[in-house]
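The values are calculated or read from the model by the stated rules, or taken from the named source; none is laboratory data. Computed from a predicted model, the values in this text were never measured in an experiment. When we count neighbours, we look across all protein chains shown, and the Cβ atoms used for this are built from the backbone with ideal geometry, even at glycine. Ligands, DNA and RNA are stripped out before the accessible areas are found, and what is left, the full protein with its side chains, is counted by its heavy atoms. Shrake-Rupley method; radii C 1.70, N 1.55, O 1.52, S 1.80 Å.
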Amino acid sequence: MPLAIMPRSHAQLPRLFVAADLADSVDLTLDKDQSLYLAAVLRKTIGDEVILFNGRDGAWLCRLSRDSKKSVVLSVVERIAPQTRATDFWYGFAPLKSERLDYVVQKAVEMGAGIIQPVYTQYTQVNRLKPERLRANAIEAAEQCEVLSVPQIAEDISLDRLIDGWAAEHGDRVLVFADESAPSATPVQTLGELAGRRIGLLVGPEGGFSETERQKLGALPYVIPISLGPRILRADTAAVAAMAIIQATIGDWR
């Protein structure tokens with residue numbers, strides 16, 4: 001995901017995502033949780049500086065003008081980085097349990113996913129998600145990593161529905177899927193042939209895809225299976241490895 005060039009003099013300042021519009025000479029009152037975080041946890045006081053962003057207006061330097069733990073007020077000073085666009089990189093994953101689910105979403109944001117979508121497969125062990133938790137993890141990762149465009153969290157979907165509606169929803173997007181049963185080989189050449197194409201990545205659950213799912217995916221013309229090497233990787237590790245190789249080979253690391 002493209003990153004705005006942040007002044008390094010501001011690198012140590014807290015960064016917060018807000019829903020409100022950001023512009024010159026605006027005063028913003030933070031919600032209770034963010035106010036408590038700045039005033040009680042970080043112990044920020046009047047005159048201290050914070051970076052705000054909302055996914056639309058870029059990054060803005062702000063100063064605390066009131067520091068009540070219940071309602072911190074920030075005065076907008078100046079814009080320090082322009083808004084960046086979210087990437088078109090779609091990432092689908094089989095939901096994992098608790099902390100590992102949080103990790104996968106956070107890493108997807110860091111690795112440049114623009115759309116994140118939970119996909120239920122035959123061996124998925126989690127059958128209910130809290131969209132607000134996924135969104136909160138995406139925002140937290142964006143705050144920590146200077147990402148100005150928080151990825152879209154798409155509605156969870158079954159693998160069958162995803163496949164059936166792929167063309168209508170995604171058009172000519174290629175779907176790369178991490179196939180743990182594929183012969184061990186470097187995916188660099190395969191991915192290199194996809195340069196310039198719209199890309200989606202699908203990573204399965206612990207236990208991988210079922211044989212039926214693998215056959216169904218393998219029969220689709222827009223699906224490209226890749227190997228992630230000779231070792232069996234945990235689902236969260238496979239996700240990071242696959243996103244890294246895609247970004248390094250045909251993505252925005254080049």
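Scan segment 89-101 residue by residue and report those that are open to solvent by 30 Å² or more (accessible area, probe 1.4 Å) and hydroxyl-bearing (Ser, Thr, Tyr).
SER98
Which numbered condition trips up GLU143, out of (1) open to solvent by 50 Å² or more (accessible area, probe 1.4 Å); (2) in contact with a strand residue (DSSP E or B) (Cβ under 8 Å, 6 or more places away or on another chain); (3) closer than 25 Å to PHE53 by Cβ; (4) of a type in the set (Asp, Glu)?
(1)
Looking at segment 230-242, is at least one residue among the polar types (S, T, N, Q) and touching a Phe, Trp or Tyr at 6+ places or on another chain (Cβ under 9 Å)?
Initial filter on segment 230-242 (among the polar types (S, T, N, Q)): 237.
Then drop every residue that is not touching a Phe, Trp or Tyr at 6+ places or on another chain (Cβ under 9 Å), which leaves none.
No, there is no match, as no residue in segment 230-242 is among the polar types (S, T, N, Q) and touching a Phe, Trp or Tyr at 6+ places or on another chain (Cβ under 9 Å).
Please go through segment 27-46 and give me each residue that is open to solvent by 40 Å² or more (accessible area, probe 1.4 Å), part of a loop (DSSP other than H, G, I, E, B) and either closer than 16 Å to GLU78 by Cβ or touching a residue at least 24 places away in the same chain (Cβ under 8 Å) (or both), ordered by number.
If we filter segment 27-46 for residues that are open to solvent by 40 Å² or more (accessible area, probe 1.4 Å), which is where we start, we get 27, 29, 31-33, 36-37, 41-46.
Now narrow it down to the ones that are part of a loop (DSSP other than H, G, I, E, B): 31, 42-46.
Once the filter is applied, which keeps residues that are open to solvent by 40 Å² or more (accessible area, probe 1.4 Å), part of a loop (DSSP other than H, G, I, E, B) and either closer than 16 Å to GLU78 by Cβ or touching a residue at least 24 places away in the same chain (Cβ under 8 Å) (or both), segment 27-46 yields LEU42, LYS44.
Residues of segment 196-254 being modelled with pLDDT of 95 or more, under 24 Å from the mean Cα position of the chain (by Cα) and hydroxyl-bearing (Ser, Thr, Tyr), which ones?
Listed by number, the residues that qualify are TYR222, THR249.
Residue by residue, here is whether (1) farther than 18 Å from ASP236 by Cα; (2) open to solvent by 10 Å² or more (accessible area, probe 1.4 Å); (3) part of a helix (DSSP H, G or I) holds:
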| site | (1), (2), (3) |
| --- | --- |
| ARG79 | yes, yes, no |
| THR87 | yes, yes, no |
| TYR103 | no, yes, yes |
| GLN106 | no, yes, yes |
| VAL109 | no, no, yes |
| ALA113 | no, no, no |
| GLN117 | no, yes, no |
| GLN122 | no, yes, no |
| GLN125 | no, yes, no |
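Report yes if ARG66 is at positive phi, modelled with pLDDT under 95, surrounded by fewer than 17 Cβ atoms within 10 Å (Cβ to Cβ) and among the charged types (D, E, K, R), otherwise no.
Taking the combined requirement at face value, the residue does not satisfy it.
(1) surrounded by 20 or more Cβ atoms within 10 Å (Cβ to Cβ); (2) farther than 25 Å from ALA40 by Cβ: which one isn't true of LEU74, the others all being true?
(2)
May I ask you to list the residues in segment 155-189 that are under 21 Å from ALA235 (Cβ atoms) and among the acidic types (Asp, Glu)?
GLU155, ASP156, ASP160, ASP179, GLU180
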